[in-house]
Each structure stands twice: as C-alpha cells, then as structure tokens.
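No lab work stands behind these numbers, since they all come straight from the coordinates. Remember, it's a predicted structure, so these values are computed and weren't measured experimentally. Positions of Cβ are backbone-derived with ideal geometry, glycine not excepted, and every protein chain shown enters the neighbour counts.
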Amino acid sequence: MITARLFANLDRTGIIFLAFCGLALVAVPALNLFVPEDSPFHVPTYAVALMGKYLCLAILALSLDLVWGYCGILSLGHGAFFALGGYAMGMYLMRQIGTRGVYGDPVLPDFMVFLNYKELPWFWHGFDMFWFAAIMVLAVPGLLAFVFGWLAFRSRVTGVYLSIITQALTYALLLAFFRNDMGLGGNNGLTDFKDILGFPVQAQTTRIALYMLTVLSLIGCFLLARAVVTSAFGKVLVAIRDAESRTRFMGYRVEHYKLVVFVLSAMMAGLAGALYVPQVGIINPSEFSPANSIEAVIWVAVGGRGTLVGAVVGAVAVNFMKSVFTTGALAPYWLFALGAVFVFVTLALPKGIVGTLQSFSGRGKASPPAPAAVAPQVAE
Amino acid sequence: MLRILTVIAAIFLCSAAHSQTLDTALDRLAADSFPETEAAIAEIAASGAPNAQAILEALAARRLSFAADRRVVYADPAGQTFDARTGAAAEPLAGATVVRLNNRLRGAIGTALGLLTLTSPDRQKRLDSAESIFKSKDVISLPALEIAIAKETDAKVALALASARGSILLAKPDSSPAERLSAIEALSARGDADAMGQIRNALPSLQGDALTAANAAIAAIERRQMFIGGAQNIWYGLSLGSVLLLAAIGLAITFGVMGVINMAHGEMVMLGAYTTFMVQEVFRAYAPDHFGLSLPIAIPLAFLVAGLVGVAIERGIIRFLYGRPLETLLATWGVSLFLQQTVRTIFGPTNRDVASPSYMSGSFDLLGLQITYGRLWIIIFTLVVFALLLLILRRTPLGLQMRAVTQNRKMASSMGIRTPWVDAMTFGLGSGVAGIAGVALSQIDNVSPNLGQSYIIDSFMVVVFGGVGNLWGTLISAFSLGIANKLLEPLAGAVLAKIFILVLLILFIQKRPRGLFALKGRAVEA
C-alpha cells in the first residue's frame with residue numbers, strides 16, 4: 001500500500017524519469033556483462049563505476065533539492081553529511097581489510113599502526129559489522145543535522161546567515177578531519193579497501209552490484225522525496241519557502257517542519273556518501289571542502305530547483321561535463337566553464353533545465369511551481 | 001685572587017694618567033720580569049690607548065717582543081708587525097726577545113681584557129660581554145665585573161652586569177650565604193627564562209633563607225613569564241585581528257552595507273596581492289634602488305584594479321540579482337572561480353615571490369615582547385584604512401548617498417540620488433578596499449591563486465559576528481576573534497583553536513542571529 005502511495009504522486013516528468021532509471025538499472029549491467037568487449041555497445045566496467053559515481057552525486061543533489069528547492073534552506077554544507085556517510089562506510093571497509101594491510105595488524109588499520117595507536121579508538125568499535133555501519137551511515141549525518149538544525153531553526157537563523165554557518169560547519173569539519181589525532185586517517189583519509197560483505201571491491205560483479213544498488217537507492221530516494229513534497233507536509237514546506245513568517249502566523253511550527261526535512265535530507269546525503277566510497281575507493285577530508293558543497297548547489301540550480309528530477313539531471317550533466325573537461329587538453333578551462341555555468345544559470349536560467357522545459361511544455365503546472373524569482377517585498 | 005684585585009686597583013689608580021702610562025708600561029715590559037709585567041698589564045689596560053686590547057692580546061699569545069733599545073713591537077694574528085708605542089706598522093725587530101709569561105700573568109691579562117670590554121665606551125659591547133659572562137659563569141671575570149658594576153651608569157647594562165655577577169656567585173661553590181641571596185635577587189631582577197634556569201640548577205646547593213628566596217624568585221619569574229607570554233599572545237592576536245579586519249572590511253561594505261553576498265570577495269584580495277607582485281616586478285626591472293616605494297605605489301593601484309573589477313561585476317551580474325541573495329551567492333561564486341582560473345592561467349598555479357621592503361622586516365623588543373615591524377605596519381595600516389573608510393561613509397557626499405540608499409532605496413531615488421550609480425560605487429569601494437587588503441596580505445601570506453579562498457569564510461564570520469552593517473562591530477569582532485584564536489592556540493593547538501572558534505561562532509549566531517552589534521529599527525527589515 002505504501003508502494004502505491006509512493007507511485008500515486010508521480011507527474012509526467014517523474015514517470016519519464018523512472019523509466020530512464022529502470023532502463024539504466026537493466027541496460028547498463030546487461031551491456032557490460034553480456035555484450036562482447038569488442039562490440040561498440042559494450043560498456044566497460046570503469047564506465048559503470050563512473051556512472052555509479054554520478055548517480056551517488058545525483059542522490060546528494062536530490063537531498064539538497066529537497067531542502068533548498070522545497071523549503072528554501074540553502075545549505076552550503078551538505079557535502080559534510082555526504083562525507084560523514086562516506087566515512088562511516090569507509091570505516092567498515094577499513095575493518096574488512098583485516099590482516100591484508102601492509103602491517104598485517106588484525107585489528108588496527110594501517111594508518112593507526114603507522115601513527116603508533118595501541119588500540120582501536122572507541123568510535124571505531126562496531127564498524128566491523130555491516131549492519132552497524134549501515135545504521136551509522138544514516139545516524140551520524142542525521143544526528144549532526146538534528147543538533148545543528150535544532151539550534152539554527154529554533155533561533156530563526158534563515159537565508160544567507162544559515163548558508164554561511166552551514167559553510168562554517170563543513171569548514172570546521174574539514175579542518176578537524178585533516179588532523180591525524182582525529183583517528184580517521186588525517187590527510188590521506190581511508191583507502192586501500194579490499195572487501196565489502198565478503199565480495200572484493202574491485203571485482204566486475206561487485207561494481208555492477210554497487211551500481212545497481214545505487215540506481216535502486218536513487219529511485220527509492222526520489223520516490224520518498226516525491227511523496228514528501230506532494231503530501232500535506234510538503235505543502236507546508238513550500239509555504240515556509242515562500243512566506244515563512246506568514247506560515248508561522250498561521251500556527252505551523254515552522255522550525256519542526258524544517259528540522260524534519262533537514263534531517264531527512266542529511267540522511268539521504270549520508271546514504272549517497274556511503275554508496276560513493278566503495279565505488280571510488282577512497283574517502284578523504286577534501287570531501288568536506290566548502291567548494292564541494294557549493295558545487296552540489298549548482299547541480300541543483302542547473303537542473304532546476306524545486307523539481308527533484310532537475311537535481312538528478314543537473315548532477316549528472318555537470319559531472320559528465322566535468323569528466324569531459326578535466327581529462328585531456330581542456331583541463332585548464334574547466335573552472336572557466338564551471339564559473340560560467342554558475343553565472344549563466346543564475347542570470348539566464350533561474351528555473352534550470354527541467355524547470356524551463358516544464359514551463360515550455362505547459363505541463364509544468366502539475367508540479368509545484370519553481371520558486372518565484374522575484375525580490376521579496378521589502379518592509380518599509 | 002688578591003693579586004688580581006691589586007692589578008685591578010692599579011688599573012683604576014693609573015687611569016688618571018694617559019698616554020704617558022703606555023710608555024712607562026711598555027718600559028716595564030721591556031724589563032721582562034714577572035712583577036714588572038704584571039704592573040704593565042694593569043697600566044696598559046688603564047691607559048685608554050686605542051691599541052691597548054691588541055697589545056694585551058699579543059702579549060697573551062706571545063707575539064709581543066722587545067729589543068735592547070726598549071723598542072716594543074707586536075704582531076697581529078695575521079703576522080703584520082706594529083710598533084707598540086705609536087700603533088703604526090713597523091718592521092720586525094732583529095734579535096728581539098719575546099716577553100715571558102706565567103699562569104698568573106695569563107689570568108691577569110684575561111681579567112684586563114674582560115674589563116676592557118666591560119668598560120668599553122660602546123654600550124652594545126658592554127651588554128654583549130655581560131651577556132657572555134652570564135652564560136659562561138666564569139669566576140675569573142668576577143673582579144672585573146665588580147669594578148664594572150661600580151662604574152656603570154646605564155640602567156640596562158647595570159642590570160645585565162649584576163645578573164652576570166649573580167650567575168657567577170650562585171654557581172660558585174664557596175660563595176657566602178649573603179652572596180647567594182644577593183645573587184638570587186639579581187637573577188630575579190633579570191627575570192627571564194635563562195635566569196630562572198640558573199636558579200633552578202642551583203636549587204640543590206641552597207639552604208635556609210637562600211632556598212626560600214630562590215623558590216620565591218622562581219615563582220616570581222614564572223608569573224612574569226606567564227604575563228609576558230599572555231601579552232605576546234595578545235599581540236599575536238591583535239596582529240591576526242588586523243589581518244581579519246583587513247580581509248573583512250571590504251566585505252563589511254558590500255555585505256554589511258549593501259547586503260550583497262560577494263563570494264568573489266577573496267579574489268579581490270588576491271587581485272590586490274597580484275597587483276603588488278606586478279608593481280614589484282616593474283620596480284625590480286627599472287628601479288631596483290627605490291624598491292621601498294613599491295608598496296606605497298601598489299596601494300592605490302590595487303585599489304583601482306580591484307575596484308574596477310568590482311564595478312564590472314556589479315554592473316555585469318549583481319545588479320540583475322538584487323533582492324535574491326542566494327542567487328547572488330551562487331553567481332559571485334562562479335565569478336570567483338573564473339577570476340582564480342584567469343590568474344592561474346596568466347601567472348601560473350605556484351606562489352609568486354612578493355618581497356618585503358627593508359622597513360617591513362626586522363623586529364624590536366618592547367618590555368620583553370618581540371614586535372616585528374611588518375606586523376606593526378600592518379596593524380597601523382589597517383587602522384588607517386578603517387578610519388578612512390569611516391570618514392568616507394560619514395563625511396562625504398558619496399557616503400551620505402550610500403547610507404541613504406541602504407536605508408530607503410525608493411526614497412533616496414525620489415530625492416534624486418542615482419541609485420544604480422551609488423550601488424556601483426559602493427561595490428567598487430568595497431572591492432577596492434579588498435584590493436588594498438591584498439597589498440598588506442601579500443607581505444605575510446603566499447601569493448597564489450588560492451589566496452582569496454583562505455580568507456572568505458573567516459571574513460564572513462567576522463562580519464556576521466560583528467553585526468551586519470556596522471563598521472565598528474566589524475572592528476571589534478575582528479580583534480576579539482583574532483585574540484581569542486591566539487589565546488586558545490597554546491592550549492589547544494592551531495587547528496583545534498580555529499575549529500573551536502568556528503563552533504563558538506556557529507553557536508553565537510544561534511543566540512544573536514544579527515551579530516554583536518545589531519542594527520535596530522527599520523533598516524533591519526530590509
């Protein structure tokens with residue numbers, strides 16, 4: 001019945017999107033496994049991993065769109081939740097290495113042996129069990145978002161101020177994770193993973209399984225986000241986005257609504273990070289850098305904020321562009337291109353790709369309108 | 001010891017007579033008997049002759065010789081021979097005899113030489129020799145020290161001499177209890193870590209009053225050291241605060257006054273730094289003699305460059321986004337990426353070498369604090385820029401119009417103010433000030449394309465903490481953040497201190513979302 005609820009709220013864009021996801025879920029592994037390598041239709045394994053990586057970032061963008069597009073919370077620190085989820089997964093993968101590390105210590109990961117740790121720090125306990133790590137992937141970002149959001153929303157920190165302190169949050173975490181004393185690998189982060197649930201991380205079949213899991217997670221997150229924004233709860237979120245004070249005056253506890261959606265979004269970002277780490281094989285503190293979080297915001301803006309599908313489209317499109325640009329002769333121009341995208345999208349394409357397409361086709365009305373690009377009325 | 005004292009007494013008895021004494025002393029040397037030589041050493045040291053030190057050194061090294069006709073010559077370490085009476089270069093004497101020495105005479109020469117430097121007319125020489133005796137604790141210098149102390153008039157040198165005497169007396173095994181007490185007193189008056197170390201080392205040999213006094217002295221020195229350490233940290237904090245203020249002050253205009261989130265602010269700072277680099281390159285190529293002028297010339301140029309880029313950004317992008325702060329944030333972030341990459345393409349990704357003119361380097365000592373000229377200049381410069389900016393906002397037509405537009409745009413427009421022009425000028429001013437900051441920061445930070453990135457978050461924190469739209473708030477916030485950071489550093493380490501400050505700021509914003517000194521009234525709602 002819940003499934004029925006989840007699917008009932010789809011508009012045309014959503015259905016097209018799910019169709020694409022289904023295609024990606026089936027076709028890519030099939031083209032990799034069953035088409036011979038010399039065929040032009042063969043998808044090499046590295047490309048599967050690359051697409052898996054894009055889709056993880058798409059989940060991050062989706063989580064950001066949920067808070068920014070529908071609730072007006074522009075978080076410049078979503079990368080922190082993503083990285084925390086990634087670290088939780090990374091810790092599990094480190095514990096799976098066992099005696100195969102360079103130093104062969106059965107309990108301590110290599111970097112701890114290197115740094116003369118005598119025993120495992122307390123927060124590393126439990127990460128040898130997958131179920132524990134899986135819970136932590138959601139719980140740690142969720143808890144941080146809860147504490148941070150509870151403080152911030154309760155004291156009505158909004159708009160730009162909120163953006164800046166979320167940025168400060170991820171910056172503080174960046175500095176913290178760079179420290180060797182943190183017990184999380186410092187500068188180098190966590191890497192050299194071997195197994196996940198007993199399967200070798202590098203193997204073709206594991207990569208395909210991870211890819212399919214990522215696609216399924218994306219579909220799940222999309223349906224969940226879609227269910228949230230089309231529910232009565234979601235309507236209040238949109239009301240908060242468009243007129244926060246007015247919503248509060250009507251008797252809604254604005255901070256509760258914000259907190260719920262913020263925590264949900266942080267957990268989604270954590271999940272994205274957890275799927276990302278085994279596919280790229282490393283997690284290090286640079287994932288916390290404020291620039292990464294802002295880049296995630298631009299994915300959403302490119303695709304169209306407040307559309308959900310747009311966030312996914314934007315993430316995949318911008319990251320594909322990035323891959324094209326940063327490999328080869330165009331590398332020095334990537335930042336020019338990215339900078340231009342930032343400026344162009346905000347100036348000329350405020351609704352993003354999907355938002356603009358929807359308004360062209362005239363059917364965009366079925367989904368909640370993209371946020372009005374007009375100046376708020378100034379109280380004088 | 002008594003002998004040495006008589007030598008020294010002789011030195012001062014003889015000091016009234018002048019160059020004749022050198023002649024009689026050299027006659028005594030030519031006699032080549034130990035008692036005569038001993039008297040001669042004292043007389044030479046007291047003669048005040050310019051070559052007295054050279055003669056004594058030569059005597060000690062057995063390079064002094066005399067002939068039967070009482071001519072005395074000495075050789076310097078390089079082998080050049082001089083006439084002892086005139087100091088002029090001379091031929092080596094044929095059939096000369098080297099003046100003989102024994103151990104007591106060698107000691108006497110050492111004392112006489114020490115006394116020569118301890119009573120030298122050059123203040124720095126006196127200080128240096130007192131310091132070296134303080135370190136060596138050489139008992140042989142004690143008599144010379146006593147006399148030098150009696151003669152010394154300069155307070156600082158007297159202190160150094162007394163502490164040198166104290167260090168000897170404390171280390172000497174046969175000092176009397178009274179001597180030990182006075183030694184501890186002298187070391188405590190000196191009051192630095194070295195003095196404390198010497199008292200500590202002597203602790204096992206002390207008893208009774210001396211032990212109590214020593215412990216009290218150690219405690220007093222520790223307190224003093226802590227105080228100086230705290231003062232030094234506050235100075236570092238002021239220095240960091242001035243850097244924060246410089247970086248944030250332009251933002252206080254664009255963000256604080258106009259409400260524009262300019263993420264490219266750091267890149268304006270970077271442009272200023274690179275302008276400094278360019279100016280220095282020109283100076284290196286065409287006027288290396290006037291290199292000191294490069295900074296004063298770079299300041300207005302940096303203001304112009306960054307200001308013009310700022311006006312271009314405002315006219316080209318930001319003016320379409322007024323009232324949409326989040327979009328402004330994203331667009332200016334794009335601009336910042338663009339500017340970084342432009343600079344990286346032109347100047348390369350590595351650090352460029354920006355030199356400090358001579359007046360920016362070196363340091364001086366103030367009541368035990370080490371103060372570097374570079375930091376001092378930056379603090380002064382920051383305060384001047386701040387004062388000028390305040391003056392522009394309060395006392396010029398542009399400032400008046402800026403405030404009018406900020407407070408009530410429509411009304412200002414109705415009164416005939418060209419609000420778009422004011423917007424552009426305000427943004428240009430804020431960006432230009434950021435450029436000026438770049439000139440100063442180029443002196444203490446690496447000039448690389450990433451220079452701006454490292455300041456942007458700090459700058460926003462300073463402005464938000466101080467209260468948006470309040471220049472004085474920005475000033476106080478920058479200095480208090482700087483000092484808090486530096487006071488935390490010795491306790492927690494640099495990175496943890498910074499994290500701690502960030503967390504505190506995040507919590508602070510919860511309590512007072514509009515900063516320390518929030519604007520009140522209608523302007524707040526806009």
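Just a few scattered comments:
- A protection proxy built from the mean count of other Cβ atoms within 10 Å ranks the segments B:456-467, B:138-149, A:160-171, most packed first, as B:456-467, A:160-171, B:138-149.
- Inter-chain Cβ neighbour count for B:315-322, averaged per residue, equals 2 (cutoff 10 Å, partner chain atoms only).
- Inter-chain Cβ neighbour count for B:504-513, averaged per residue, equals 5 (cutoff 10 Å, partner chain atoms only).
- Residues whose placed amide H lies under 5 Å from that of B:Gly469, excluding near-sequence neighbours: B:Gly256, B:Val257
- Average Cα contact separation per residue, chain B, under 8 Å, 6 or more apart, as relative contact order %: 15 percent
- Relative intensity of region A:126-183 on a log10 scale, I(q)/I(0) at q = 0.12, 0.21, 0.24 Å⁻¹, equals -0.41, -0.93, -1.02, per a Debye sum over C-alpha point scatterers of equal strength in the absence of solvent.
- Hydrodynamic analysis of chain A uses the Kirkwood radius over alpha carbon pairs. Inserted into Stokes-Einstein at 37 °C and 0.692 mPa s, it gives a translational diffusion coefficient of 152 µm²/s.
- Computed on the Cα trace of region A:47-135, the radius of gyration divided by the Kirkwood hydrodynamic radius gives Rg/Rh = 1.11.
- Formal net charge of residues neighbouring B:Leu504 (Cβ-Cβ distance under 15 Å; K, R +1; D, E -1): +2
- Centre-to-centre, using Cα atoms only, region A:39-67 and region A:145-166 are separated by 30 Å.
- Packing-based order for B:233-245, B:381-393, A:55-67, using average beta carbon neighbours within 10 Å, highest first: A:55-67, B:233-245, B:381-393
- Couplings for region A:170-182, taken from phi via the Karplus curve 6.51 cos²θ - 1.76 cosθ + 1.60 with θ = phi - 60°, read 5, 5, 4, 5, 4, 4, 5, 6, 6, 6, 5, 5, 5 Hz in order; Gly and Pro are left as x.
- In this simple spin-label approximation, B:Gln232 and A:Asp242 carry label points 7 Å from Cα along the Cα→Cβ vector, and these lie 6.3 nm apart.
- Compared with the dominant principal axis of the Cα atoms in chain B, helix B:208-251 is inclined by about 30°.
- Along its three principal directions, the equivalent ellipsoid of the protein assembly as shown from the Cα gyration tensor extends over semi-axes of 74, 34, 27 Å, largest first.
- Ordering of A:192-204, B:308-320, A:27-39 by burial proxy (mean other Cβ atoms within 10 Å per residue, highest first): B:308-320, A:192-204, A:27-39
- Over region A:97-162, the pair-distance histogram of Cα-Cα distances with 10 Å bins from zero comes to 18, 30, 23, 17, 11, 0 percent, rounded to whole numbers.
- Taking the Kirkwood radius as Rh and the Cα radius of gyration as Rg, region A:1-153 has a ratio of Rg/Rh equal to 1.06.
- Shown for region B:236-345 is the translational diffusion coefficient from the Stokes-Einstein equation, using the Kirkwood radius over Cα pairs, a temperature of 20 °C and a viscosity of 1.002 mPa s: 140 µm²/s.
- Label point distance in nm, A:Trp131-B:Arg100, each placed 7 Å from Cα along Cα→Cβ: 10.3 nm
- Alpha carbon centroid spacing (whole Å) that separates region B:292-349 from region A:183-256: 36 Å
- For chain B, the spherically averaged projection of the C-alpha convex hull amounts to 34.9 nm².
- Principal-axis analysis of the Cα atoms of chain B puts helix B:177-190 at an angle of about 30° to the longest axis.
- Residue mean of other protein chain beta carbons inside 10 Å, A:343-350: 5
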